[in-house]
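I have placed the structure first, in the form of structure tokens, so that the comments after it can refer back to it.
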Amino acid sequence: MAGLSDRVVEFLSAGTRTGMLGYVAADGRPLVAPVWFVVDNGELVFNTGRDTAKGRALARDSRVAICVDDPTPPYSFVQVQGIATTQDGAEDLLEIATRIGGRYMGADRADEFGRRNAVPGELVVRVRPTKVNSAFDIAD
């Protein structure tokens with residue numbers, strides 16, 4: 001299992017960078033979808049609906065990759081390959097949804113987005129890293 005270095009965690013946690021989640025469709029096609037996420041105990045964590053394309057795909061095949069980039073010079077990226085676990089009815093659903101809401105919508109709207117997304121059928125998805133690729137300050 002690969003760990004997230006302090007530099008990688010700092011990069012992944014900075015600002016409102018969106019992760020691009022790569023996963024496998026039912027017919028084997030690779031798909032990519034944006035996700036809002038937080039880093040929690042060495043894992044990337046996000047919410048998705050159980051019955052969404054992502055939710056159904058992760059139930060079939062837990063292999064994923066999440067790529068996060070900084071599109072401004074000098075450019076950097078982190079790619080986390082890993083195994084996703086999903087939890088329906090997670091005890092920490094409201095806490096995770098609120099943290100994600102705060103990160104992307106601001107502290108003043110964190111509770112609103114947490115309550116909106118902590119509903120029945122919403123999953124907590126935890127991605128345990130198996131490999132991490134990164135490049136920082138590429139254009140320097």
Determine ³J(HN,Hα), in whole Hz, for all residues of the stretch 82-92 in sequence, where each value follows from phi through the Karplus function 6.51 cos²θ - 1.76 cosθ + 1.60 and θ = phi - 60°; x replaces Gly and Pro. x, 10, 9, 10, 10, 10, 8, x, 4, 4, 9
Percentage of interatomic Cα-Cα distances in the chain larger than 22 Å: 37
I need the phi-derived Karplus couplings for the stretch 26-31: 6.51 cos²θ - 1.76 cosθ + 1.60, θ = phi - 60°, integer Hz, Gly and Pro marked x. 4, 8, x, 5, x, 10
Pull up all non-local amide H partners of LEU123: gap of 5 or more, or a different chain, and H-to-H distance under 5 Å with H placed in the peptide plane. THR48, GLY49, ARG50
Given points 7 Å out from each Cα along the Cα-Cβ axis, report the ASP6 to ASP140 separation in nanometres with one decimal. 1.6
Just to confirm, what accessible area per residue do you get for the chain at 1.4 Å probe, in whole Å²? 53
In sequence order, calculated HN-Hα J values of the stretch 41-50 (Karplus, 6.51, -1.76, 1.60; Hz; x Gly/Pro): 6, x, 10, 8, 10, 8, 10, 7, x, 4
If each of ALA53 and GLN87 carries a label point 7 Å out from its Cα toward its Cβ, how far apart are those two points in nm? 2.8
Given H placed 1.01 Å from N in the peptide plane, which residues other than close sequence neighbours of LEU44 have an amide H under 5 Å from its amide H? VAL127
Length-normalised contact order for the chain - Cα pairs under 8 Å, 6+ apart - percent: 30
Could you order the peptides 33-39, 71-77 from most to least packed, using the average number of other C-beta atoms within 10 Å per residue? 33-39, 71-77
Surface share of carbon and sulfur [accessible, 1.4 angstrom probe, percent] for the chain: 50
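The values are calculated or read from the model by the stated rules, or taken from the named source; none is laboratory data. All values derive from a computational prediction rather than experimental measurement. For neighbour counting, all protein chains shown are included, and Cβ atoms are generated from backbone atoms with ideal geometry for every residue, glycine included. Ligands, DNA and RNA are excluded from the accessible area calculation, which covers all protein heavy atoms including side chains. Shrake-Rupley method; radii C 1.70, N 1.55, O 1.52, S 1.80 Å.
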